[in-house]
Amino acid sequence: MVHSHILSIRASECTPLQWETHKVIEQHDHKTLRCPRVGGEVNFKYCRFENNMLPCRWIVGCWKMYIDINTFLEDHYSKEELDRVFDPPKPKIQSLVGLIEKVKKAKKKND
């Protein structure tokens, strides 16, 4: 059994620690639930990547009854990544004003 793990690690060119971490982060990927945002069933893997390759901001609320989601997130994501996930999005008007300001600055540079 040990030899088969060594072969698979060498084949994928991962160190044993990388292989174990890779396996651990994928341990819940096969689990599914109904996503209120999508309106249908999704697997945990989808929830891990939904937000520009980061977890969905609703992942805690959706998965807390099924897995220890807070520990999972702390174990696999940096504080900066989690801050990006859970910071509330800017209000639409603030985003629009920011875009308008950017366009104005770009236009002044081109004139």
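None of the figures in this text is laboratory data; all of them are computed from the coordinates on show. Since this is a predicted model, take the numbers as computed values, not measurements. Here the Cβ positions follow ideal geometry from the backbone for every residue, glycine too, while neighbour counts run over all protein chains shown.
Computed on alpha carbon atoms, what radius of gyration and Dmax characterise the range 31-110, expressed in Å?
17.1, 55
Need the full-extension length gain, residue 97 to residue 57, defined as separation in residues times 0.36 nm minus the C-alpha distance. One decimal, nm.
Once the chain is fully extended between residue 97 and residue 57, it gains 12.0 nm.
Within a Cβ distance under 13 Å of residue 42, other residues only, what is the Lys/Arg minus Asp/Glu net charge?
Residues close to residue 42 contribute a combined charge of +2.
Going by how many other beta carbons lie within 10 Å of each one, how would you line up 69, 93, fewest first?
Exposure proxy ranking, most exposed first: 93, 69.
What are the ³J(HN,Hα) values, in whole Hz, obtained from phi via the Karplus relation 6.51 cos²θ - 1.76 cosθ + 1.60 with θ = phi - 60°, for each residue of the range 62-77 in sequence order, with x given for Gly and Pro?
6, 9, 4, 7, 10, 9, 7, 5, 5, 5, 4, 5, 5, 6, 10, 10
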